[in-house]
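First the structure, in the form of structure tokens, and then the observations on it.
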Amino acid sequence: MRSEDRAHAWARFKALVVQKERAKRRAGARMTFNASRTSLVCLVVIIGMMIGPVEAWAQGTSAADAAKSKAPPAAGHGKIMATRLPPHLKRLIDAAKRLNEEPGLILDREKIEEVIGARLIGSSPTWDSQGGRSLVESFEKDGPLAAPLWRGRVVYYDYKASETWSVSVELGYAQNLVGPELMCYSSRLVEAYWGKPFIYRPPDVHAQLQEWARPSHLPPTGPHDGQPYTAIFTALHPDSANVNFKVGPETCVDRILIGKLFKSKEYGDDRIYHE
């Protein structure tokens, strides 16, 4: 073969190789593009599937947040935390303050009715085996005790053996009831209106042992830390009443106890007891 023919054949061979290489590259590019396009389509579909639930979740969350912002804050045991004291509770606290500070009121049944703002329903006394007498009279649903779920009564006991007698005014809210409509009147609100500081006292031996075992780096249990206890205020006069605020779980105050024990030789019960 002549040199010209060999050169021509070599050139044609090179051109054929280049042509095939270019064809391979074009085919590879098409495959890459098709694969990329398929991936892109899948990605768009996935995003579309996610957008609906995400939007629904966002709308639901916004609605729930709005509802929460409108609803009163919840306290423990399903109760609604009050942001301020209602007028009827303020009147009962005022009554407790008068019975605590003014001498002689707790010794007189009619004075108690006047201070509380509700009349007592007459009842008959009972006697125990040792000759002691007891008399329990409930208040009518009147005045501040006309408020829903509030109850009140006066309890009298005569202890013959010790020659003493006691009288107590018991005011309670929603006793032994549980429900989402119940209110929680926090110890902070009651303390602020009462005007004297509450002091936490362990209610029993178990609570006292827990208090003693409290780590030294922690402060003592406070009056608004959520532990049940009784805030105690002693009478300001020999013939006025002690006042106890019963603080339950989550700092809810649900009972006010007003009363005292008297010696029969010093104070008569003729204006309290009747048959």
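Bear in mind these aren't lab numbers, they're just calculated from the coordinates by the rules spelled out. A quick note: this is a predicted structure, and the numbers were derived from the prediction, not measured. Every residue, glycine among them, receives a Cβ derived from its backbone with ideal geometry; neighbour counts consider all protein chains shown.
If R0 is taken as 25 Å, the Cβ-Cβ distance between residue 209 and residue 188 corresponds to a FRET efficiency of 0.40.
3J(HN,Hα) along the range 188-199, derived from phi through the Karplus expression 6.51 cos²θ - 1.76 cosθ + 1.60 where θ = phi - 60°, amounts to 5, 5, 5, 4, 4, 6, 4, x, 10, x, 7, 10 Hz, with x in place of Gly and Pro. Counting only Cβ charges, +1 for Lys and Arg and -1 for Asp and Glu, the dipole size of the range 76-213 around its Cα centre is about 420 debye. Cα-Cα over 19 Å: which of 97/246; 160/246; 111/260; 90/196; 97/260? In this structure, 160/246 exceed 19 Å between Cα atoms. Rounded to whole numbers, the Karplus 3J(HN,Hα) couplings from phi for the range 268-274 are x, 10, 5, 8, 10, 7, 8 Hz, using 6.51 cos²θ - 1.76 cosθ + 1.60 with θ = phi - 60°, and x at Gly and Pro. Determine the shape class of the range 174-213: with a ≥ b ≥ c the square roots of the Cα gyration tensor eigenvalues, call it rounded for a/c under 1.5, and otherwise prolate if a/b is greater than b/c, oblate otherwise. Judged from the Cα gyration tensor, the range 174-213 comes out oblate (a/c at least 1.5, b/c at or above a/b). Each residue of the range 165-172 is assigned a 3J(HN,Hα), and the resulting list reads 8, 9, 9, 9, 9, 10, 10, x Hz, derived from the Karplus form 6.51 cos²θ - 1.76 cosθ + 1.60 (θ = phi - 60°), x at Gly and Pro.
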